[in-house]
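A.B. asks: What follows is a single structure, and I will ask about it in a moment.
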Amino acid sequence: MRIRVPPVKKEDIAASAMPLAALLVFALALLLFLSVFRASIFTEVSEEKKIWFELSFLLLAAILAEMLVTHLKQPFVMVLLLVGVAIAPSTIAAVYPFFTSLFSFLPFSFPPNPPVLVQSGELVMIFAKLGSILLLFKIGMHSETRKIFNLKNFVIAILGVIVPFLGGYLFAIAGGHDFYYAMFLGAALTATSVGVTVAVLEELRIMQSEMAQALLGAAVIDDILALLVLSFVVQSPAGVDADAFVQIARLAGTAFVFVAGGILLGRFVVANYFDPMVEGGKSSQRGFLAMLMYLLFYAYVAEYIGLSAIVGAFVAGITMNYSRKIGDVQGMFYPLEALFTPVFFISLGLLVDINALAANIVPVLAITLIAIATKVVGCGAGALAVGMKAKDSLAIGVGMMPRGEIALIIGLYGLTALTPEGVPVLGAAEYAIIASMAFLTTVMAPALISAAVRRE
């Protein structure tokens with residue numbers, strides 16, 4: 001069954017213009033208010049109390065982003081990220097002088113320092129991590145095991161991980177960076193944004209083609225491999241030696257047992273315990289809490305054995321796909337997804353330092369070109385190796401280039417990971433480079449995929 005994307009009507013755009021304008025005016029008034037009364041609002045309120053304002057402001061930003069999607073015609077995820085960048089402390093600090101001069105005619109003076117609307121504090125980051133877990137759980141629920149785990153898709157995905165990782169690692173080493181940064185950059189280049197890829201394939205109405213099925217299956221395997229690479233990188237010692245290979249082999253074996261065993265066990269649990277709890281499209285409170293506990297337990301086990309929580313969430317999502325009532329289950333988790341996922345993407349945008357980005361425009365462009373070339377070469381070569389046509393191989397390589405959320409998750413881990421000396425692996429500049437690469441590859445993807453698919 002093909003999924004048709006209805007065209008946006010002119011009257012719908014016109015109808016959304018008024019609430020969009022009203023929301024922009026409200027946001028501007030709010031910024032003006034906070035600029036004047038910043039001291040009393042932020043300096044005298046603890047983080048535990050300020051979290052309610054920050055979350056309400058983040059959700060307001062998410063509403064604004066959803067309205068902008070219609071006008072910008074970009075994926076919702078990317079608009080959320082851009083909104084996060086727009087309200088980031090570095091961005092506010094950069095535009096604050098212009099803002100104060102624009103409203104200098106008002107009969108009061110502005111504080112000398114710009115307001116900090118939202119900070120990436122511990123509480124906000126907890127909400128953001130819950131968003132990443134729910135996001136990967138959702139992607140897993142849309143993935144069928146038999147269409148994902150086959151030899152053809154494995155070949156495409158493995159080359160789509162090895163070539164980008166080597167490209168990022170060697171580029172960082174050649175640029176004089178240390179081992180840790182090189183490993184994280186290589187890991188960030190291995191990811192593929194499944195959500196963006198699926199959205200483009202649906203819009204082109206080719207989801208049922210052999211190329212699209214191979215691309216989607218390889219993209220899912222690619223994400224699993226990328227998350228495993230992330231786990232390897234987080235636990236790597238300061239160099240690649242015999243101990244490192246032993247540790248990687250042990251983690252790979254543990255990961256295989258967890259993924260395979262988790263799917264087999266989860267299939268039994270879902271069919272025999274969760275399905276009976278869903279009746280008439282609804283579940284009791286006990287049933288929903290049991291499913292939520294199941295998701296978080298898989299996330300915890302993944303963290304405990306050395307993987308990341310999002311790997312466990314993805315595996316839990318795959319097992320839920322065995323449910324005969326998967327549509328109802330997806331609907332039950334939608335409210336949580338609607339709350340936490342926008343906070344996650346906006347919070348990632350908050351971490352972008354535009355000053356660091358402007359100062360590193362050359363490496364941003366260089367890494368973006370490497371990110372595109374290595375996916376096209378790696379995945380395209382893999383598709384050719386399994387007997388696909390040259391046109392379809394090129395389309396698969398281009399379709400695997402968006403990095404999106406997984407690269408940003410890897411960057412987020414890099415901000416919190418520490419070297420043996422206690423220094424963060426990624427600083428503001430390094431994170432800005434990785435985030436910018438994720439932006440550019442994802443924004444460029446729709447046009448390039450369309451061109452590759454229609455190429456004769």
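The values are calculated or read from the model by the stated rules, or taken from the named source; none is laboratory data. No experiment lies behind these values; they were computed from the predicted model shown. Here the Cβ positions follow ideal geometry from the backbone for every residue, glycine too, while neighbour counts run over all protein chains shown.
A.B. asks: Could you count how many residues in the range 380-392 are in a loop (DSSP other than H, G, I, E, B) and surrounded by fewer than 20 Cβ atoms within 10 Å (Cβ to Cβ)?
C.D. replies: Within the range 380-392, residues that are in a loop (DSSP other than H, G, I, E, B) and surrounded by fewer than 20 Cβ atoms within 10 Å (Cβ to Cβ) number 3.
A.B. asks: The conditions are (1) surrounded by fewer than 24 Cβ atoms within 10 Å (Cβ to Cβ); (2) over 17 Å from the mean Cα position of the chain (by Cα), and residue 395 fails exactly one of them. Which is it?
C.D. replies: Failed condition: (1).
A.B. asks: Out of the residues in the range 171-184 meeting the condition of being buried (at least 17 other Cβ atoms within 10 Å of the Cβ) and modelled with pLDDT of 90 or more, tell me which one is farthest from residue 371 (Cα to Cα).
C.D. replies: In this case the residue turns out to be 172.
A.B. asks: Among the residues of the range 260-275, is there at least one that is β-branched (Val, Ile, Thr), without any contact (Cβ under 8 Å) to a residue 60 or more places away in the chain and surrounded by fewer than 12 Cβ atoms within 10 Å (Cβ to Cβ)?
C.D. replies: Within the range 260-275, none of the residues are β-branched (Val, Ile, Thr), without any contact (Cβ under 8 Å) to a residue 60 or more places away in the chain and surrounded by fewer than 12 Cβ atoms within 10 Å (Cβ to Cβ).
A.B. asks: Is one or more of the residues making up the range 425-436 under 20 Å from residue 159 (Cα atoms) and buried (at least 24 other Cβ atoms within 10 Å of the Cβ)?
C.D. replies: No: the range 425-436 contains no residue that is under 20 Å from residue 159 (Cα atoms) and buried (at least 24 other Cβ atoms within 10 Å of the Cβ).
A.B. asks: Follow-up question, since we're still on this one. Assess whether residue 352 counts as being in contact (Cβ under 8 Å) with a residue 40 or more places away in the chain, out of contact with any His (no Cβ under 9 Å at 6 or more places or on another chain) and not in a helix (DSSP H, G or I).
C.D. replies: yes
A.B. asks: Out of 315, 376, 386, 329, report the one residue that is under 30 Å from residue 56 (Cα atoms) and either of a type in the set (A, V, I, L, M) or touching a Lys or Arg at 6+ places or on another chain (Cβ under 6 Å) (or both).
C.D. replies: That would be 329, the only listed residue that is under 30 Å from residue 56 (Cα atoms) and either of a type in the set (A, V, I, L, M) or touching a Lys or Arg at 6+ places or on another chain (Cβ under 6 Å) (or both).
A.B. asks: Out of (1) surrounded by fewer than 19 Cβ atoms within 10 Å (Cβ to Cβ); (2) closer than 25 Å to residue 126 by Cβ, what's the single condition that is false for residue 361?
C.D. replies: Checking residue 361 against (1) surrounded by fewer than 19 Cβ atoms within 10 Å (Cβ to Cβ); (2) closer than 25 Å to residue 126 by Cβ, the one that fails is (2).
A.B. asks: Inspect all residues belonging to the range 332-341 and state whether any of them is crowded, with 22+ Cβ neighbours inside 10 Å, closer than 30 Å to residue 269 by Cβ and either in the same structural domain as residue 413 (by TED's automatic domain parsing) or not hydrophobic (A, V, I, L, M, F, W, C) (or both).
C.D. replies: Looking through the range 332-341, at least one residue is crowded, with 22+ Cβ neighbours inside 10 Å, closer than 30 Å to residue 269 by Cβ and either in the same structural domain as residue 413 (by TED's automatic domain parsing) or not hydrophobic (A, V, I, L, M, F, W, C) (or both).
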